[in-house]
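The values are calculated or read from the model by the stated rules, or taken from the named source; none is laboratory data. Remember, it's a predicted structure, so these values are computed and weren't measured experimentally. Positions of Cβ are backbone-derived with ideal geometry, glycine not excepted, and every protein chain shown enters the neighbour counts.
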Amino acid sequence: MENYYEILEVNEKASIEIIKKVFKIHIKKNHPDLFTGKEKLEAEEKVKKLNEAYATLSDEIKRKEYDLKLEQERKNSEEHIYLENLEIENEKLKKELQRKNDILEYYSIDIPNINETNNIRFKDDIKDFKEDDNEEETEIKEKSNIPKQTYTQYILKTIFFNLLKIFCVFLLLILGFYIIKYILSYGAI
């Protein structure tokens with residue numbers, strides 16, 4: 001459906017008087033007698049559209065019907081665009097979900113399904129996994145020659161060595177200050 005307001009280049013709230021004035025201006029400007037050849041055919045087509053738009057917009061009843069149709073078309077168009085965007089977003093979400101599922105499948109670990117093994121209770125499974133973890137942990141500790149220390153011991157050692165570094169820097173600053181003072185006092189004499 002063509003937008004007659006755009007053809008006449010007027011606002012949708014324009015009065016009938018303004019529509020008449022604008023129509024006359026466009027007819028004078030695009031009259032087919034002013035052109036030749038291909039331009040004349042284009043001008044004739046433009047004048048037909050202008051006449052059609054003017055006939056509809058200059059009649060109050062036709063204009064109201066046209067405005068209702070135009071509004072309905074806009075709503076349908078907006079709904080159509082909304083639904084298209086919704087479908088596009090839905091497809092993006094499906095692809096993202098599939099990608100995440102693929103990643104999970106790639107990195108999945110075979111963990112025994114508790115429901116399949118009726119003989120083993122959940123607590124027993126947890127004990128088995130903890131025992132496996134403890135065995136792996138002891139293997140790692142045995143292989144590495146790192147002495148055992150707790151997290152608290154590690155923090156205390158780190159704090160102690162950092163304080164020792166700060167103390168050494170402080171001593172160097174004081175020593176430097178006295179050296180500079182000594183040089184300046186004897187250098188001035």
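Does Lys64 satisfy being modelled with pLDDT of 90 or more, exposed (fewer than 12 other Cβ atoms within 10 Å of the Cβ) and under 17 Å from Glu2 (Cα atoms)?
Criteria met by Lys64.
Yes/no per residue for (1) loosely packed, with under 13 Cβ neighbours inside 10 Å; (2) touching an Asp or Glu at 6+ places or on another chain (Cβ under 9 Å); (3) within 24 Å of Glu17 (Cβ to Cβ):
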| position | (1), (2), (3) |
| --- | --- |
| Ala53 | no, yes, yes |
| Asp59 | no, no, yes |
| Glu71 | yes, no, yes |
| Glu78 | yes, no, no |
| Asn85 | yes, no, no |
| Lys94 | yes, no, no |
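For the stretch 10-52, which positions are acidic (Asp, Glu), modelled with pLDDT of 90 or more and either in contact with a helix residue (DSSP H, G or I) (Cβ under 8 Å, 6 or more places away or on another chain) or outside any helix (DSSP H, G or I) (or both)?
Glu44, Glu52, listed by residue number.
For the stretch 61-86, which positions are of a type in the set (Ser, Thr, Tyr) and touching a helix residue (DSSP H, G or I) at 6+ places or on another chain (Cβ under 6 Å)?
Within the stretch 61-86, Tyr66 is the sole residue that qualifies.
Could you list, ordered by first residue, the pairs with Cβ atoms under 8 Å in which the first is in the stretch 56-71 and assigned to a helix (DSSP H, G or I) and the second is aromatic (Phe, Trp, Tyr), at least 6 apart or interchain?
Partner pairs satisfying both residue conditions: Thr56/Tyr4; Thr56/Tyr66; Leu57/Tyr4; Leu57/Tyr5; Leu57/Tyr66; Tyr66/Tyr4.
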